[in-house]
Amino acid sequence: MTIEPRPELGLLPPYVAGQALARLQAELGVDRVVNLATNETQFGPFPAAAELIRRHAGEAHRYPELDGDLIRRIAAAHGVASSHVALGNGADAIIGYLCTAYLEPGTNAVMGAPSFPTYQLDTIKTGATPVVAPLRDGAFDVDALAAAVSDATRIVFVCNPNNPTGGIVSADELRRLIDTVPDRLLIVVDEAYAEYVSDPAFPDTISEHVMSRRNVVVLRTFSKIFGLAGLRIGYLIGQPDVVDAVGRVRHYYDVNSLAQLAAIASLDDPTEIERRRAATATARGALAGELDRRGLRTFPANGNFVAFERPDAAILEAGLLRAGVLVRTAGDVVRITVGSTDDHARLFAALDTLL
Ligand SMILES: Cc1ncc(COP(=O)(O)O)c(C=O)c1O
C-alpha cells in the first residue's frame, strides 16, 4: 500500500537532480562543459567573503543566529531600520515563506509567465492557485497583472528584471500597478538581478514604495552578483508585520552562519559590485550582439543573461548540450547566462553548426 501525499503534489514536477558537470563531460566526450544555464556569476565569491569562510570554518559546529550583524548591515545599506529586514535560505525560500504565510486553499497568487518557476510551484504547495498573466516584450505587464487580480488574490509577484526573458518593469509602471491593485494584497517585487541593472527607468522600489506602503516587499539575493549561490542566502525588505510573518514560518536555523559572514564581507565591497556590473554589461552586450547577428532576436537584457524566442527551443537546447554547452529553456524562450569570452566562443561555434 502506498501512502498518498496531498493531491496538490500531483501538480508539481518531481525533483530531478542536476547533472554534475564532470559526469556530463565524460558522458558527452567533450573536453569542457560550459554552463550557461544557471545564471551564476563567472567571478566567484568576493575575495573577502571567501577569506572569511576559510577563517571561520572551525566554528561550523555552532547554530546560526538570524538576527545578527548581517541584518543591521543590510538595513544600513538600504537606509531602513533592522525591523524591516528578514533573511532567508535564498530568495527562493523566502518566496516559499511568503506563500505559506499568506496563501491557503481558495485563494490565489497572480504572476507573469514565463518567469521564475517558484512563484507557481510554492503557490500550488499551499493549495492555492497560480493565476498567470502574459508578459509584454519580455517584461511583466502591469496592466495584465492588475486585470488578473480578483477577490481571491492574496499575492502579486513582480519579477524585475524578469527571469528568463530579462525585461524590466519601469518605475512608472510599478507605481501604476501599486496604485491600481487593492492594498490588502501583498506585492512581492523580486529583484534578484537588481545589482546588474543600469537602465535609469528601473525603479528604486525600496525607497519609493517599501517604506511608504504597507503591502510592498522586495526580495534580493546574494546568489547572483555576489557569487554566493551555493551558500543559499537572500533577504526581504518590507514592513515589520511581514518580517514577523516570515520569522514565524521560517525554520529556526534556516540561514547558515558562513553564508551570513560571507554576505557581510560582500556588502563591504562596493567597488567589486561596480566592477562586476560593468564587466557583465559589456559581456552581455557582446553576447546579445552576436546572437542578434545570427538572427536570434534577443529581448532587452538587464540581468546577467540574454534570452530569445524560438519555436524549436528544446531542439536547440538539446543540440547545444551535445556540444557541451548548457543553456536553459522555458517553453519557446532560450536563456543564456553571460559567461567568459571563452564560454561565448564555445557557444557561438556550437550555434553556427546547429543553425
Ligand atoms: C528571479 C529570481 N528570483 C529568485 C531566485 C532565487 O535566488 P536564490 O538563489 O537566492 O534562492 C532566482 C534564482 O535564479 C531568480 O532568478
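The values are calculated or read from the model by the stated rules, or taken from the named source; none is laboratory data. Computed from a predicted structure; not experimentally measured. Please note: Cβ atoms are built from the backbone with ideal geometry, for glycine as well, and neighbour counts cover all protein chains shown.
Every residue, every condition in (1) farther than 24 Å from TYR235 by Cβ; (2) among the basic types (Lys, Arg), yes or no:
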{"site": "ASP67", "(1), (2)": "no, no"}
{"site": "ASN108", "(1), (2)": "yes, no"}
{"site": "MET111", "(1), (2)": "no, no"}
{"site": "TYR119", "(1), (2)": "no, no"}
{"site": "LYS125", "(1), (2)": "no, yes"}
{"site": "ARG136", "(1), (2)": "yes, yes"}
Among the residues of region 121-132, is there at least one that is in contact with a strand residue (DSSP E or B) (Cβ under 8 Å, 6 or more places away or on another chain), of a type in the set (S, T, N, Q) and touching a residue at least 40 places away in the same chain (Cβ under 8 Å)? no
So, of the residues in region 188-204 that are surrounded by fewer than 24 Cβ atoms within 10 Å (Cβ to Cβ) and free of Cβ contacts under 8 Å to residues at least 40 places away in the same chain, which turns out to be nearest to the ligand (Cβ to nearest atom)? GLU191
Which one of these is of a type outside the set (S, T, N, Q), under 20 Å from the mean Cα position of the chain (by Cα) and modelled with pLDDT of 95 or more: GLY331, GLY295? GLY331
Those residues of region 30-47 which are assigned to a loop (DSSP other than H, G, I, E, B) and closer than 17 Å to GLY18 by Cβ, in sequence order: VAL33, LEU36, ALA37, THR38, ASN39, GLU40
Could you say which residue among ALA148, ALA144, ALA152 is more than 19 Å from LEU219 (Cβ to Cβ), touching a Pro at 6+ places or on another chain (Cβ under 6 Å) and in the same structural domain as ASP92 (by TED's automatic domain parsing)? ALA144
Restricted to region 208-226, and to residues that are modelled with pLDDT of 95 or more, more than 13 Å from the ligand (Cβ to nearest atom) and not aliphatic (A, V, I, L, M), which residue is surrounded by the fewest Cβ atoms within 10 Å (Cβ to Cβ)? GLU208
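Among what's in region 76-102 and is more than 16 Å from the ligand (Cβ to nearest atom), in contact (Cβ under 8 Å) with a residue 60 or more places away in the chain and in a helix (DSSP H, G or I), pick the residue that is surrounded by the fewest Cβ atoms within 10 Å (Cβ to Cβ).
The selected residue is SER83.
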Residues of region 130-148 satisfying the condition of being crowded, with 20+ Cβ neighbours inside 10 Å and of a type in the set (Val, Ile, Thr): VAL142
Taking region 275-307 only, how many residues are acidic (Asp, Glu) and either within 15 Å of the ligand (Cβ to nearest atom) or in the same structural domain as LEU135 (by TED's automatic domain parsing) (or both)? 0
Looking only at region 242-263, decide whether some residue is within 16 Å of the ligand (Cβ to nearest atom) and of a type in the set (D, E, K, R). yes
Please return the ranges of strands (runs of 3 or more DSSP E) entirely within region 305-348 where 3 or more residues are in contact with a Phe, Trp or Tyr (Cβ under 9 Å, 6 or more places away or on another chain). 305-309, 333-337
Scanning region 25-47 for residues that are surrounded by fewer than 16 Cβ atoms within 10 Å (Cβ to Cβ) and closer than 23 Å to LEU261 by Cα, the one farthest from the chain's Cα centre (by Cα) turns out to be PRO47
